Amino acid sequence: MGTIVPDLDLVVSEIADEMRARTDRGAVAHYIPELARVDASQFGLAVIDADGNAAVGGDADIPFSIQSISKVFTLTLALGRYGDRLWRRVGREPSGSPFNSIVQLEREQGVPRNPFINAGAIAVTDLILSGHQPREALGEILSFVRFLADDETISIDEAVAASEQRTGFRNAALANYMKSFGVLENPVELTLGVYFHQCAIAMSCKQLAMAGRFLAKSGRNPSTGLQVIQPERARRINAVMLTCGHYDGSGEFAYRVGLPGKSGVGGGIFAVAPGKASIAVWSPGLDAAGNSHLGRIALEALSKRMNWSIFGA
Ligand code: GLU
């Protein structure tokens with residue numbers, strides 16, 4: 001007797017319907033004023049399977065602010081440019097701290113725990129900026145995302161970038177603090193300018209799931225057949241997502257969902273079922289750790305119904 005493979009289209013549309021009906025939605029991020037204006041009732045889910053078929057549900061075509069999910073793309077780019085030397089600048093251990101914590105940085109002489117907390121991501125962006133003008137560095141990041149998603153329409157939401165630039169006092173503190181330890185090479189305001197703009201890239205769930213296909217397929221873009229990065233590197237990026245992708249909610253996410261993933265305060269979560277699917281979910285309301293409340297619940301349901309947890313059935 002063969003095992004019954006659940007129908008992905010059906011599962012995705014069921015989950016989208018279930019999430020739409022829920023009233024517990026978490027709270028939208030308020031510390032970036034432009035994000036506080038987003039309608040919290042939206043929900044989108046997109047899954048691209050190993051053969052390139054897309055299953056979408058809800059508001060999967062509405063662009064949202066990817067925020068910290070951009071850190072997966074900048075990490076990939078910086079690893080391409082610097083290889084393992086990158087790990088001299090930033091660690092790869094879970095932080096167990098909030099995304100914008102400064103306490104750990106002091107104890108560890110300005111070297112951030114991992115590339116997905118804000119300090120670590122700012123250090124990675126600083127590496128990408130070195131030797132370039134901010135405009136060029138940002139162009140490189142945006143072109144890379146467009147290339148991965150195979151979609152030239154992806155753009156930056158300037159209002160979100162300006163909003164964060166005006167109010168990003170915590171990130172400015174983190175960056176200045178790292179600069180004092182010599183961890184950043186470029187002027188703080190330039191590095192932060194690139195960082196705020198990369199976070200303000202707007203993508204739909206569909207575009208995000210498309211962009212992440214290479215991580216589900218051992219570094220290969222399944223539609224072009226191009227090897228974007230080596231399989232070993234894809235595996236390692238997935239490992240860092242699993243252990244560090246959800247700030248101090250990373251353990252809970254691994255426990256409940258069982259997939260590598262990266263969240264953003266715009267309410268998006270990108271996740272990978274290795275060898276099986278690239279997944280993006282979006283619901284703007286966040287839980288206490290700053291991760292999408294319904295996004296996590298939807299991914300838990302998806303992973304369970306499709307039997308995709310990397311830890312077994
Ligand atoms: N741009 C946001 C910040 O730096 C990203 C945080 C997040 O998405 O978790 O505060």
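Scanning for something touching a residue at least 60 places away in the same chain (Cβ under 8 Å), part of a strand (DSSP E or B) and of a type outside the set (Gly, Ala, Ser), does the stretch 205-213 turn up at least one residue? Scanning the stretch 205-213 turns up no residue that is touching a residue at least 60 places away in the same chain (Cβ under 8 Å), part of a strand (DSSP E or B) and of a type outside the set (Gly, Ala, Ser). The set of residues in the stretch 161-190 that are out of contact with any Gly (no Cβ under 8 Å at 6 or more places or on another chain), part of a helix (DSSP H, G or I) and within 12 Å of the ligand (Cβ to nearest atom) comprises 161, 163, 164, 167, 169, 170, 171, 172, 173, 174, 175.
Of all residues in the stretch 266-310, how many are farther than 22 Å from residue 234 by Cβ, within 16 Å of the ligand (Cβ to nearest atom) and crowded, with 24+ Cβ neighbours inside 10 Å?
If we filter the stretch 266-310 for residues that are farther than 22 Å from residue 234 by Cβ, which is where we start, we get 266-267, 282-298, 300-301, 304-305.
Remaining after also requiring within 16 Å of the ligand (Cβ to nearest atom): 266-267, 282-293, 295-296.
Now drop any that are not crowded, with 24+ Cβ neighbours inside 10 Å, which leaves 266-267, 282-284, 286, 291-292, 295-296.
So the count comes out to 10.
Considering only the stretch 20-35, state which residues are under 21 Å from the mean Cα position of the chain (by Cα) and either within 16 Å of the ligand (Cβ to nearest atom) or not in a loop (DSSP other than H, G, I, E, B) (or both). Result: 26, 27, 28, 29, 30, 31, 32, 33, 34, 35.
Residues in the stretch 201-218 that are polar (S, T, N, Q), farther than 11 Å from residue 65 by Cα and either surrounded by 24 or more Cβ atoms within 10 Å (Cβ to Cβ) or out of contact with any helix residue (DSSP H, G or I) (no Cβ under 9 Å at 6 or more places or on another chain) (or both): 207 only. Answer with yes or no whether residue 151 is more than 23 Å from residue 281 (Cβ to Cβ), more than 13 Å from the ligand (Cβ to nearest atom) and among the charged types (D, E, K, R). Against the criterion (more than 23 Å from residue 281 (Cβ to Cβ), more than 13 Å from the ligand (Cβ to nearest atom) and among the charged types (D, E, K, R)), residue 151 does not qualify.
On the given criteria, is residue 229 in contact with a strand residue (DSSP E or B) (Cβ under 7 Å, 6 or more places away or on another chain) and either buried (at least 19 other Cβ atoms within 10 Å of the Cβ) or in contact (Cβ under 8 Å) with a residue 12 or more places away in the chain (or both)? In short, no. Candidates 181, 144: the one that is touching a Leu at 6+ places or on another chain (Cβ under 6 Å), surrounded by fewer than 19 Cβ atoms within 10 Å (Cβ to Cβ), of a type outside the set (Ser, Thr, Tyr) and on the phi < 0 side of the Ramachandran plot is 144.
The set of residues in the stretch 115-146 being of a type outside the set (A, V, I, L, M, F, W, C) and touching a Gly at 6+ places or on another chain (Cβ under 7 Å) consists of 134 alone. Does residue 157 satisfy being in contact with a Ser or Thr (Cβ under 8 Å, 6 or more places away or on another chain), within 17 Å of residue 198 (Cβ to Cβ), of a type in the set (Asp, Glu) and surrounded by fewer than 23 Cβ atoms within 10 Å (Cβ to Cβ)? It is true that residue 157 is in contact with a Ser or Thr (Cβ under 8 Å, 6 or more places away or on another chain), within 17 Å of residue 198 (Cβ to Cβ), of a type in the set (Asp, Glu) and surrounded by fewer than 23 Cβ atoms within 10 Å (Cβ to Cβ). When the criteria are applied in full, residue 251 fails the requirement of being surrounded by fewer than 21 Cβ atoms within 10 Å (Cβ to Cβ), over 14 Å from the mean Cα position of the chain (by Cα) and under 19 Å from residue 235 (Cβ atoms).
One residue stands out among those in the stretch 90-118 that are in contact with a Cys (Cβ under 8 Å, 6 or more places away or on another chain) and among the basic types (Lys, Arg): the one that is nearest to the ligand (Cβ to nearest atom), which is 113.
Each value in this text was obtained by applying a stated rule to the coordinates, not by laboratory testing. Computed from a predicted structure; not experimentally measured. Using ideal geometry, Cβ is built from the backbone for each residue, glycine included, and neighbour counts are taken over all protein chains shown.
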